[in-house]
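The values are calculated or read from the model by the stated rules, or taken from the named source; none is laboratory data. Please read all numbers here as calculations on a predicted model, not as lab measurements. A quick note on method: Cβ atoms are made from the backbone with ideal geometry, for glycine too, and the neighbour counts reach across all protein chains shown.
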Amino acid sequence: MTAGADSVDVREVGPRDGLQAEAPIAVRDRVRLIAALFDAGVRHVEACSFVSPKAVPSMAGAAEVVSALRPPADARVVALVPNLRGAELAGDAGVRELSVTISASPAYNEKNVRMSVDESVESIAAIAKLGMPVDAVVSCAFGSPYEGDIAVAAVAELGRRLLDVGAATLTLADTTGMATPRRVEEVLAATGTDVGLHLHETRGTGLVNAYAAWQAGVRRFDTSVGGLGGSPFAAGAAGNLATEDLVHLLDDLGVVTGIDLDRLLAASGLVASLVGHAVPSRVAGAGPRTRLAPA
Ligand code: ZN
């Protein structure tokens, strides 16, 4: 779906970002979850990552997940890849869109992917040459646990470089939940608003950051069903912005997402049962604001 002025493109990252932080669950259950998300109207999903199963056991079987999916004709299925080899595996499995992370924080980049930022830019250039659209996800764009605030000019410059070497789109990620509305506005003033935002609730600011970004003109957001997630490489990174919390807010604003909140809550219930614990989403816990208690 092309996001217009009164619509928002919600990229569901729960099957990847959400589940990677959990104990492994079966491929058929991951496929069931994605099917439930499609059923709720989700049309843009990061389904898996082609990483080493030794490094991230929960993401084993990525090719099996992709081949078992029956996406609606208008759905976009994205795989996260760490490098050229992962991108080739994803292409072989039938994936047609990729996301690749690079960090605005040099120290985080070294720890997360064991490459310098320049090496990561080169890697993304090589991946883009395969011909699949690549979304470059700039982690720690709103702050780094190692270096604090990254200069907004440096974030914007990295974004420009990534587009120059062939990335189709940019997403700015708040990997460790350091963004605030003030910081979001500062970063967007430097980067422009033709970016996706990947927000975390680590400090309880994910939804208010999304609102600030939406008001500034951002129309693409990454969210995770149930609010599951976090990086296995970043301590304290837990808690993506929950899809149902964002959809609940956008519904109230009259913004079109194509997602049915009740069916999304059913998918949220499914993911809670699959991971075996309650999910952090507030709307999953309390229900939509218009759902009244029985008399
Ligand atoms: Zn995340």
Query - Checklist (1) in a loop (DSSP other than H, G, I, E, B); (2) away from the ligand (no atom under 16 Å from the Cβ); (3) touching a Ser or Thr at 6+ places or on another chain (Cβ under 8 Å) applied to A107, failing item - result: (1)
Query - G14 vs. criteria on the phi > 0 side of the Ramachandran plot and either touching a residue at least 12 places away in the same chain (Cβ under 8 Å) or small (G, A, S) (or both) - result: no
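Right, G258: of a type in the set (G, A, S), in a helix (DSSP H, G or I), more than 16 Å from the ligand (Cβ to nearest atom) and surrounded by fewer than 23 Cβ atoms within 10 Å (Cβ to Cβ) or not? Let's see the steps before the verdict.
Numbers: of a type in the set (G, A, S): yes; in a helix (DSSP H, G or I): no; more than 16 Å from the ligand (Cβ to nearest atom): yes; surrounded by fewer than 23 Cβ atoms within 10 Å (Cβ to Cβ): yes.
Judged against the criteria, G258 is not a match.
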Query raised in the report: Somewhere in the stretch 97-104, is a residue more than 18 Å from the chain's Cα centre (by Cα) and modelled with pLDDT of 95 or more?
Result: no
Report task. Using the structure shown, decide if A153 is in a loop (DSSP other than H, G, I, E, B) and on the phi < 0 side of the Ramachandran plot. Result -> no
Query raised in the report: Can you name every residue in the stretch 33-56 that is touching a residue at least 24 places away in the same chain (Cβ under 8 Å), of a type outside the set (G, A, S) and surrounded by fewer than 17 Cβ atoms within 10 Å (Cβ to Cβ)?
Result: D39
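Do you know which residues across the stretch 210-226 are without any contact (Cβ under 8 Å) to a residue 60 or more places away in the chain and part of a helix (DSSP H, G or I)? Before the answer, list the steps.
So in the stretch 210-226, the residues without any contact (Cβ under 8 Å) to a residue 60 or more places away in the chain come out as 210-213, 215-218.
Result: A210, Y211, A212, A213, Q215, A216.
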**Report entry** Residues that are near the ligand (Cβ under 9 Å from one of its atoms) and either modelled with pLDDT of 95 or more or of a type in the set (A, V, I, L, M) (or both), drawn from the stretch 224-233
**Finding:** S224
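Residue-by-condition table, conditions (1) part of a strand (DSSP E or B); (2) surrounded by fewer than 18 Cβ atoms within 10 Å (Cβ to Cβ):
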{"site": "K111", "(1), (2)": "no, yes"}
{"site": "E122", "(1), (2)": "no, yes"}
{"site": "V137", "(1), (2)": "yes, no"}
{"site": "A141", "(1), (2)": "no, no"}
{"site": "G166", "(1), (2)": "no, yes"}
{"site": "R183", "(1), (2)": "no, no"}
{"site": "V187", "(1), (2)": "no, no"}
{"site": "L207", "(1), (2)": "no, no"}
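Residues are listed down the side, and each one gets a yes or a no for (1) surrounded by fewer than 24 Cβ atoms within 10 Å (Cβ to Cβ); (2) within 22 Å of P72 (Cα to Cα); (3) within 14 Å of the ligand (Cβ to nearest atom); (4) modelled with pLDDT under 95:
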position: T191; (1), (2), (3), (4): yes, no, no, no
position: A212; (1), (2), (3), (4): yes, no, no, no
position: D222; (1), (2), (3), (4): no, yes, yes, no
position: E244; (1), (2), (3), (4): no, yes, no, no
position: V247; (1), (2), (3), (4): no, yes, no, no
Query raised in the report: What number of residues within the stretch 1-23 are surrounded by 16 or more Cβ atoms within 10 Å (Cβ to Cβ), more than 16 Å from the ligand (Cβ to nearest atom) and either among the β-branched types (V, I, T) or modelled with pLDDT under 95 (or both)?
Result: 3
Query raised in the report: So which residues in the stretch 261-295 are of a type in the set (S, T, N, Q), assigned to a helix (DSSP H, G or I) and in contact with an Asp or Glu (Cβ under 9 Å, 6 or more places away or on another chain)?
Result: S268
Query - Sole exception among (1) more than 19 Å from G229 (Cβ to Cβ); (2) crowded, with 16+ Cβ neighbours inside 10 Å for L265, by number - result: (1)
Requested in this report: Tell me which of these D174 doesn't satisfy, since it passes every other one: (1) over 27 Å from V81 (Cβ atoms); (2) among the charged types (D, E, K, R); (3) within 16 Å of the ligand (Cβ to nearest atom).
Outcome: (1)
Requested in this report: For the stretch 72-101, enumerate the residues that are at positive phi and either part of a strand (DSSP E or B) or of a type in the set (F, W, Y) (or both).
Outcome: none
**Report entry** Search result, residues across the stretch 156-168 that are over 18 Å from the mean Cα position of the chain (by Cα) and farther than 13 Å from T101 by Cα
**Finding:** A156, E157, R160, R161, L163, D164, V165, G166
Query raised in the report: Looking at the stretch 193-208, which of its residues are more than 13 Å from the ligand (Cβ to nearest atom) and at pLDDT 95 or above?
Result: T193, D194, V195, T205, L207, V208
